[in-house]
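Below: one structure, written as structure tokens.
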Amino acid sequence: MAHTDAGHPRRWAVLALVLAAECMDLLDGSIVNVAAPTIRTQLHATAAALQWMISGYSLAFAVGLITGARLGDRYGRKRLFVIGAAGFAAASLAAALAVSPAMLISCRLTQGAAAALLIPQGLGIVKDVFAPAEQGRAFAVFGPVIGLSAVLGPIIGGALVSLDAFGTGWRLIFLVNLPLAVVAAVGAARIMPESRAPRAPRPDGPGTLLGAAAMGLLIYPLIQGREAGWPAWTYLMMAASVLTAGLLAAWSRRQGMRGRGTLIKTSVFRHRGFSAGLASVVVFFAGMAGTLLSVTLYLQFGEHFSPVHAGLTLAPFAAGSAAGAVAAPTVVVPRLGRGALQVAAVLMAIGTFLLRSVIGTHGLATSSAELIPAQLVLGAGIGMLIAPLFDFILASVSDDEVGSASGVLNAVQQLASAIGVAAIGTVFFAALARSGFVAAISQCLLIQLGVAAALAVLAWALPRDPRDTEAAGTSQTDETSHMGETDEAEPTAGKAASRA
């Protein structure tokens, strides 16, 4: 679709549809986290099944994210948007009707795959329907709307489970997706213009399969290993994951030398700042996802908080994250540059230490009010770190590599969340079996302290200043998928901050 000076006549309605899809994705992740303990009890799920219910979505999303964007570039973003929204609606309905852990896990994997088709299309569509002069205003709406969804997710999830409308219980958290998904699919089919990228590369089928295999070979033994007693096959699978990742790198390098489309543009890994940044993304998102899961389990199973009580208890954490995300780009980063990330890591460490100390002192009698100061500090550190993190990482790559680098970062972000749920969840359940809830949460928070320390060290390897994403945004071409080979730094970084 070509730009006109005024843009598409129904561009704001198109933006609303894209935001509906984004909110649905974010709500689904945070709502399930709060509802997971209730789901486990009612479906009689094992600890491993609970971890799959949460991490399965992120794993499928990570596997399909880059390929989903390439499919939209090549075959039409509107078409993939409609297919993804319809698939998400169907998977959500099936999840609400699940009668066993295996069925729910399958539905969660399907939801993640549908989201991988749906979510990457939004930014390219928005850029196509808005004239260049209005694109800044359009993208500025993403942060507040998506951020509010992330903040309200745990509270809404807890309220829906506690409401138990018509005896639906936890099933309502999936049914609530249906109106948004149907509106997104039907609205897109009716008013959204088709959008494609010129010269879009072919999807990399072998690369996608190798990437999926590498992720699966890592996540599966991490989740199943504890219950199986860590037999030899768990270690062999993790070793095979490393070998498969090496095969993916070799395949991508070979395809790149032939001038063919690749899943990953391997030249981005030659930059020290990008490699250090990728490690930061893995450490940060794995730590955050695993810690949030362990805190939720502690509150509901250990302290016997209701889902809505647990959701409200976590509200200060969300508020602190929002404050940190606002302060980082406006106040802290302009003054401290890369040092802002280290200040954020210190705040994360202080908040984690306070949280661990409060729980260690009061044990299972800890009140919600006693957790507020620690959560505010921890949340502020997390928000202050993730808001500018992607912009610092992308400052280390060249302009023609930004699109591919952004795609890798987003996919790794999802994979890291799955790893965190698997690894830290395994630590939580193992410590719980040995020593009880207080010891279990204490061990998980000790890991989070290590995460903060690692992030402070890794920040030294990042560029001193973040990428000027406003300038990057004004120079973007029509190939706007944030997983493609073009410059899509601004919205990608903003969305990553909102997802935190």
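The values are calculated or read from the model by the stated rules, or taken from the named source; none is laboratory data. It should be emphasised that the depicted structure is a prediction, and the values quoted were computed from it without experimental measurement. Cβ coordinates were reconstructed from backbone atoms using ideal geometry, including for glycine residues, and neighbour counts include every protein chain displayed.
Before we move on, is L389 at pLDDT 90 or above, in a helix (DSSP H, G or I), outside the structural domain of Q121 (by TED's automatic domain parsing) and under 25 Å from L354 (Cβ atoms)? Spelling it out, it is not the case that L389 is at pLDDT 90 or above, in a helix (DSSP H, G or I), outside the structural domain of Q121 (by TED's automatic domain parsing) and under 25 Å from L354 (Cβ atoms).
The number of residues in segment 434-454 being in a helix (DSSP H, G or I), out of contact with any helix residue (DSSP H, G or I) (no Cβ under 7 Å at 6 or more places or on another chain) and more than 23 Å from G383 (Cα to Cα) comes to 2. Within the set G246, G256, G229, the sole residue that is at positive phi, surrounded by fewer than 17 Cβ atoms within 10 Å (Cβ to Cβ), over 22 Å from the mean Cα position of the chain (by Cα) and free of Cβ contacts under 8 Å to residues at least 24 places away in the same chain turns out to be G229. Applying a threshold of 6 Å to beta carbon distances and a minimum spacing of six or more residues, or different chains, the list of pairs starting in segment 349-366 at a residue that is over 22 Å from M384 (Cβ atoms) and ending at one that is acidic (D, E) reads L364/E303. All told, G216 falls short of being touching a residue at least 12 places away in the same chain (Cβ under 8 Å) and within 30 Å of W460 (Cα to Cα). Name the pairs whose Cβ atoms lie under 6 Å apart, with the first residue in segment 1-27 and in the same structural domain as A85 (by TED's automatic domain parsing) and β-branched (V, I, T), the second outside any helix (DSSP H, G or I) and at pLDDT 70 or above, and 6 or more positions between them or separate chains? Matching pairs, first to second residue: V14/M192. For segment 71-102, residues that are part of a helix (DSSP H, G or I) and either closer than 20 Å to V182 by Cα or at pLDDT 95 or above (or both) total 21. Look through segment 312-332, keep the residues that are crowded, with 23+ Cβ neighbours inside 10 Å and more than 19 Å from the chain's Cα centre (by Cα), and return whichever of them is modelled with the highest pLDDT. Going through the qualifying residues, I end up with T313. Cβ separations smaller than 9 Å between residues 6+ apart or across chains give the following pairs from segment 163-178 residues that are assigned by TED's automatic domain parsing to the domain that holds D28 and touching a residue at least 24 places away in the same chain (Cβ under 8 Å) to residues that are of a type in the set (D, E, K, R) and surrounded by fewer than 16 Cβ atoms within 10 Å (Cβ to Cβ): W170/D164; L172/D164.
The requirement of being within 23 Å of the chain's Cα centre (by Cα) and in a helix (DSSP H, G or I) is fulfilled nowhere in segment 5-14; no residue meets it.
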